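Here the structure comes first, spelled out in structure tokens, and everything after it is commentary.
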2 protein chains.
Amino acid sequence: MDTVAAEKSGIGALTGPARQAARALATSTTARRNDALMAAAAALRARQAEILAANVQDVAASTASAAFRDRLTLNPARVEAMAKGLEEIAGLPDPLGHVLAEWTRPNGLLMRRVAVPIGVIGMIYESRPNVGADAAGLCIKSGNAVILRGGSESLHSARAIQTCIEDGLRAAGLPVACVQIAPDADRAHVGAMLTAVGAIDLIIPRGGKSLVERVLREARVPVLAHAEGLCHTYVHAAADPDMARRVLADAKMRRTGICGATETLLIDAAIAPSLLPLLVEDLSARGCAFVGDARAQAIVPGLPPATTQDFATEWLDAKLSIAVVDDVAAALAHIARYGSQHTEAIVTEDAAAAATFLNGTDSAVVMWNASTQFCDGGEFGFGAEIGIATGKLHARGPVGLQQLTTFRYEVRGNGQVRG
Amino acid sequence: MDTVAAEKSGIGALTGPARQAARALATSTTARRNDALMAAAAALRARQAEILAANVQDVAASTASAAFRDRLTLNPARVEAMAKGLEEIAGLPDPLGHVLAEWTRPNGLLMRRVAVPIGVIGMIYESRPNVGADAAGLCIKSGNAVILRGGSESLHSARAIQTCIEDGLRAAGLPVACVQIAPDADRAHVGAMLTAVGAIDLIIPRGGKSLVERVLREARVPVLAHAEGLCHTYVHAAADPDMARRVLADAKMRRTGICGATETLLIDAAIAPSLLPLLVEDLSARGCAFVGDARAQAIVPGLPPATTQDFATEWLDAKLSIAVVDDVAAALAHIARYGSQHTEAIVTEDAAAAATFLNGTDSAVVMWNASTQFCDGGEFGFGAEIGIATGKLHARGPVGLQQLTTFRYEVRGNGQVRG
């Protein structure tokens, strides 16, 4: 029913070939997939002038904000970075074919759980041309066909990059339909992709809040999405003060616009009088603004008040909410109330307190004595990442090659019947 | 937004306590969860008369079919089976807390991927009281709170069983809200559960096709569902004929109504003239009916014709579709066209053909020289199962305790910053 809808909308012209290409990819050798990536990287370099010319068209036609146009704009360094990205993915270990578990049943059946590709992935993103190249690389390597639906403002750039990816696939003897772009100028294809049950196996949205919310609201196909990253750093009574200052400064201010940036500081009442003024001073010196609860205001003169709405806000900016808490239980209660189950950190020298904290959140990533900004595929050692997942199923946290696979059970017998 | 909707509908009265109970369960000891299961089993035995009396009310009020009323009906043996089921779950290994992977980064961060509960599970099922008891047991053991929404015809029975589960939870010092029933008489709670994003983490439907289709259509919460099991057994040219006869008879006829039952026989043209008549004779003797393609009809006189619709039909009955194919590639093409990505088997003595087949399907379970009816949690060694999943993400195939968990990353440092 939904597959029929997909066919009618025009997306079916892409999903059929994508499924066939996915089958070819699933049984291809590691070398062949790597060859495609290396050849696509070479094509990106060889066709740099074409890509930049196409991008000039897109940028000239764009009426969007300066920040948006900056993300849309390519230059020789950004094209080179895309090519290097594909080469790095080629250098990563193959996530396919691994025997994840193996056991034998009393009746002699040999059971194996084996890593396999997911199938056909739909990638929906905004007008950042490099996202398409990265996604194509990660999907090829992990054996998945991908349909790329980038912002329509980047269509000329996307087509020029797509030509290079197709060059790479052809050079390696893989179907060009392993990577396709959904080329419509309006958003009809997005809706068709979101409802293409059976034709698309997984949707990955990447972009602003309104895009992700639309995808989560409308999708009938499973989604791996990044919703919100309202991360907390909790400075426990037994924290090393110097470490707390170093870790918080990085967690809040290294980059304020990423999902792993700390948005709220929780600090124990026992240590707050001596340490909180220093933390505020450190961050102020780096340009951070603050809001705090009444207990924090009593310690830091002039601290603006924090509302409950503030504690529920992902600032993505040089701003920090501060609450003074009594103990680990109170910190956990605050995180349970306001958190987004993304990444939380505790700073403490007390192993028991750390264990209680690590076990007590509902978050994908919990850190002890480290900056929340380590929530990143590269920092986890995954190599490249296609995004960060905030759901609880299949993949949580950074989504790298391994998270773009699923598994099948292979059962080997010698004529066993259940009887 | 959806959480607010859940609160307004009345489901919020259950999801809030469920979330709190889930937190208590997530940090509870194995012994405590097992104690709850053992005490609940004892309560089921102690309260057998109450349960049967409640069940008599339900059965007396039911106007449904005889088969439906049979599934609804409890007797002493069925109550005892529920109690034994809970004891068996208590005896299974704890799926929580396992370190699934562990590695150290060059900067000294120790990374761990640890098995944790999913959180709050919504179980939507039809009027089989034992499904509620099994689901409660599996969720308690795996550290998940569960909201049970059984068919309204079984409400008295469900309440009597619920009393026993609560007895068990209380005896072990766990919150009774670990297991709750959604007690409305109409289906409003079902819709509220399906859209309770953030309040319910996973929906598991268990029942007939229309129930599962409604859940898949309406759910905004992730779903682990069993859609269809259109399983194939492929008898390859190099099959041992005796093994093929034994395996097919079991795969088709052991139980015809289960999802792992074979619905279509694919047989190589090279072996069909000698073997197909014997296979048909074996199954005929056990009461099976047939439809076949033209090539099968040419070998088996009187075989009724199979339409393309027949090949797309999950019979769940003593009926088999038959197609003669040229080779492994043709068998795989047939499965790609008609299959439901559930379970497929090949019978062959040729290891290369088997490998091509195992790698060439898109199915959750692939078997070599074994009956498709082995697709079952117990047969996989998982102990009890809450169902079988036909999606491709998170869990595929039998869903046991391990599949009712997710993971978190625990990162241990000594003050690392990303810098």
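Within segment B:197-224, the set of residues being over 13 Å from A:VAL221 (Cα atoms), among the hydrophobic types (A, V, I, L, M, F, W, C) and assigned to a loop (DSSP other than H, G, I, E, B) comprises B:ALA199 only. For B:GLY419, the stated conditions do not hold, so it cannot be described as in a loop (DSSP other than H, G, I, E, B), more than 30 Å from A:ASP240 (Cβ to Cβ) and not assigned by TED's automatic domain parsing to the domain that holds B:ILE335.
Only one entry of B:ALA389, B:ALA353, B:ALA370 meets the criterion of being touching a residue at least 60 places away in the same chain (Cβ under 8 Å) and within 10 Å of another protein chain (Cβ to nearest Cβ), and that entry is B:ALA370. Of the set (1) surrounded by 21 or more Cβ atoms within 10 Å (Cβ to Cβ); (2) assigned to a loop (DSSP other than H, G, I, E, B), all apply to A:GLY168 but (2). Applying the selection to segment A:87-144, what residues are of a type in the set (Lys, Arg) and over 24 Å from A:SER157 (Cβ atoms)? Passing the criteria: A:ARG105, A:ARG112, A:ARG113. When each of A:VAL417, A:VAL365, A:VAL411 is tested for being at the interface with chain B (Cβ under 8 Å from one of its Cβ atoms) and in contact with a Cys (Cβ under 6 Å, 6 or more places away or on another chain), the lone residue that passes is A:VAL365. Close contacts from segment B:101-112, counting a first residue that is within 9 Å of chain A (Cβ to nearest Cβ) and a second that is surrounded by 12 or more Cβ atoms within 10 Å (Cβ to Cβ) and assigned to a loop (DSSP other than H, G, I, E, B), with Cβ to Cβ under 8 Å and a gap of 6+ residues or different chains, come to B:TRP103/A:GLY381; B:ARG105/A:GLY381; B:MET111/A:GLY381; B:MET111/B:ARG105. Pairs are defined by a Cβ separation below 6 Å, a sequence spacing of at least 6 or placement on different chains, a first member in segment B:244-269 that is farther than 13 Å from B:ALA318 by Cα and in the same structural domain as B:ALA289 (by TED's automatic domain parsing), and a second member that is among the aromatic types (Phe, Trp, Tyr) and at pLDDT 95 or above; the pairs so defined are B:LEU266/B:TYR234. Residue count for segment B:38-73 under the criterion of being under 24 Å from the mean Cα position of the chain (by Cα), in contact (Cβ under 8 Å) with a residue 40 or more places away in the chain and surrounded by fewer than 20 Cβ atoms within 10 Å (Cβ to Cβ): the result is 3. Only one of the listed residues (A:ALA192, A:ALA261) is over 22 Å from A:VAL120 (Cα atoms) and touching a helix residue (DSSP H, G or I) at 6+ places or on another chain (Cβ under 7 Å). That residue is A:ALA261.
Note on segment A:192-214: residues that are of a type outside the set (D, E, K, R) and within 18 Å of the chain's Cα centre (by Cα) total 9.
Of note, B:THR233 satisfies the criterion of being within 14 Å of chain A (Cβ to nearest Cβ) and closer than 23 Å to A:ASN414 by Cα. If you check A:LEU86, A:LEU44, A:LEU109 for being modelled with pLDDT of 95 or more and more than 22 Å from A:ARG170 (Cβ to Cβ), only one passes: A:LEU109. Just a yes or no: is a residue in segment A:211-228 more than 13 Å from every other protein chain (Cβ to nearest Cβ) and surrounded by 22 or more Cβ atoms within 10 Å (Cβ to Cβ)? No, every residue in segment A:211-228 fails to be more than 13 Å from every other protein chain (Cβ to nearest Cβ) and surrounded by 22 or more Cβ atoms within 10 Å (Cβ to Cβ).
Can A:GLY381 be described as more than 10 Å from chain B (Cβ to nearest Cβ), on the phi > 0 side of the Ramachandran plot and not aromatic (Phe, Trp, Tyr)? Considered against the rule, which asks whether it is more than 10 Å from chain B (Cβ to nearest Cβ), on the phi > 0 side of the Ramachandran plot and not aromatic (Phe, Trp, Tyr), A:GLY381 comes out as no. Within segment B:382-406, the set of residues being among the β-branched types (Val, Ile, Thr) and part of a strand (DSSP E or B) comprises B:ILE388, B:VAL399, B:THR405, B:THR406.
The values are calculated or read from the model by the stated rules, or taken from the named source; none is laboratory data. Note that the coordinates shown come from a computational prediction; the quantities given were computed from them, not determined experimentally. Glycine also receives a Cβ, built like all others from the backbone with ideal geometry; neighbour counts cover every protein chain displayed.
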